[in-house]
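Asks: Dropping the structure in here first, questions after.
The values are calculated or read from the model by the stated rules, or taken from the named source; none is laboratory data. Predicted, not measured: the structure shown is a model, and the values here were computed from it. Cβ: placed from backbone, ideal geometry, glycine included. Neighbour counts: every protein chain shown. SASA here: full protein model, heavy atoms, side chains in, ligands and nucleic acids out. Shrake-Rupley method; radii C 1.70, N 1.55, O 1.52, S 1.80 Å.
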Amino acid sequence: MKSKNLIIIILLSIQFCFGQKNSAYIEYGVKIYDDNGSFTKDKMFADTFLNAVKEANKLTFGLIISDKGSKFYEVNNGIEQNYEIGLAKIYANYMGIIYNIENDIIKESQLLGNNIFTKENKIENWILTTETKIIDSYICFKATNTYTVVNPKGTFKYPVTAWYCPKLPYSYGPNGYGNLPGLILELQVRNVNFGIKKINLESDLQFNLEFLKTAKILTEEELNKKLDEFNNFEGK
């Protein structure tokens, strides 16, 4: 009888162990550069931009990867959330938590209020190259793409460069980028660079998606309409 109970306990323990899947956790820093003088040629905004560049060095972002997808977020490292830090996040094009779930990118929109998100498609049309470089002892390959900005002044396309590692088989990366055959360790979007600070492939960190039941999720078109309404209101 005792041996039978022992076998049951062992089987339950094995089942429990195999049911617990570790996550991967990657930490990124961010650096902001001037884009050939584009951000400092106007003396009125140059000091503001340079202060944001300095404050950006204090920011840390985390990426949790699990069987649910990924979550990219700002790590609370005790820094003061002041005006300059807020500007640094805006220049880095970080507007809130980003979830990469199946075929969708779900982005928090802090500007429009609590529990409001937008839904976008995953990044497509990567150009894969054979160019390599070593990042934190990992061999990474270069992939390129473009980032399109549409505003009242016109349509602008900016270069995107991602360095991904096929030996880390996670198709995720910082700030919603991914969909490559390996984890993105470094990402350059125009004048913003996200680079890894540490990698933990056996993390206990998890995230839940319960918020999806009550969240208001907008399409890109709905978001743009809301932003236009917001800008018109602010301009009155």
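Asks: Quickly run through the range 119-145 and pick out the residues that are farther than 30 Å from Lys216 by Cβ and β-branched (Val, Ile, Thr).
Replies: Once the filter is applied, which keeps residues that are farther than 30 Å from Lys216 by Cβ and β-branched (Val, Ile, Thr), the range 119-145 yields Ile127, Thr129, Thr130, Thr132, Ile134, Ile135, Ile139, Thr144.
Asks: It is to be established whether one or more residues within the range 45-62 are polar (S, T, N, Q), over 22 Å from Asp204 (Cα atoms) and touching a Leu at 6+ places or on another chain (Cβ under 8 Å).
Replies: First, pick out the residues of the range 45-62 that are polar (S, T, N, Q): 48, 51, 57, 60.
Adding the requirement that they be over 22 Å from Asp204 (Cα atoms) leaves 48, 51, 57.
After this cut, where a residue has to be touching a Leu at 6+ places or on another chain (Cβ under 8 Å) as well, the list is 48, 51.
Yes, the conditions are met somewhere in the range 45-62.
Asks: Among the residues of the range 67-88, which ones are surrounded by fewer than 18 Cβ atoms within 10 Å (Cβ to Cβ) and hydroxyl-bearing (Ser, Thr, Tyr)?
Replies: Tyr73, Tyr83
Asks: Any chance you could count how many residues in the range 53-64 are closer than 14 Å to Tyr177 by Cβ and open to solvent by 10 Å² or more (accessible area, probe 1.4 Å)?
Replies: Counting residues in the range 53-64 that are closer than 14 Å to Tyr177 by Cβ and open to solvent by 10 Å² or more (accessible area, probe 1.4 Å) gives 0.
Asks: Of all residues in the range 85-120 being outside any helix (DSSP H, G or I) and of a type in the set (Gly, Ala, Ser), which is farthest from Asn51 (Cα to Cα)? Before you say what the answer is, go through the steps one by one.
Replies: Looking only at the range 85-120, we keep the residues that are outside any helix (DSSP H, G or I), and these are 92-109, 113-120.
Right, trim to of a type in the set (Gly, Ala, Ser) and you get 92, 96, 109, 113.
Working: Ala92: 13, Gly96: 21, Ser109: 24, Gly113: 26 Å.
So, considering only residues that are outside any helix (DSSP H, G or I) and of a type in the set (Gly, Ala, Ser), the one farthest from Asn51 (Cα to Cα) is Gly113.
Asks: From the residues in the range 135-153 that are over 25 Å from Ile64 (Cβ atoms) and outside any strand (DSSP E or B), which one is least open to solvent (accessible area, probe 1.4 Å)?
Replies: Our first condition is that a residue be over 25 Å from Ile64 (Cβ atoms); within the range 135-153, this holds for 142, 144, 146, 148-153.
Keeping just the survivors that are outside any strand (DSSP E or B) gives 152-153.
Working: Pro152: 142, Lys153: 180 Å².
If we take residues in the range 135-153 being over 25 Å from Ile64 (Cβ atoms) and outside any strand (DSSP E or B), then Pro152 is least open to solvent (accessible area, probe 1.4 Å).
Asks: Quick check on the range 111-129. Is at least one of its residues among the hydroxyl-bearing types (Ser, Thr, Tyr) and surrounded by 18 or more Cβ atoms within 10 Å (Cβ to Cβ)?
Replies: yes
Asks: Within the range 184-210, work out how many residues are out of contact with any Gly (no Cβ under 7 Å at 6 or more places or on another chain) and closer than 17 Å to Ile134 by Cβ.
Replies: 6
Asks: What number of residues within the range 121-134 satisfy the criterion of being assigned to a strand (DSSP E or B) and modelled with pLDDT of 95 or more?
Replies: 8
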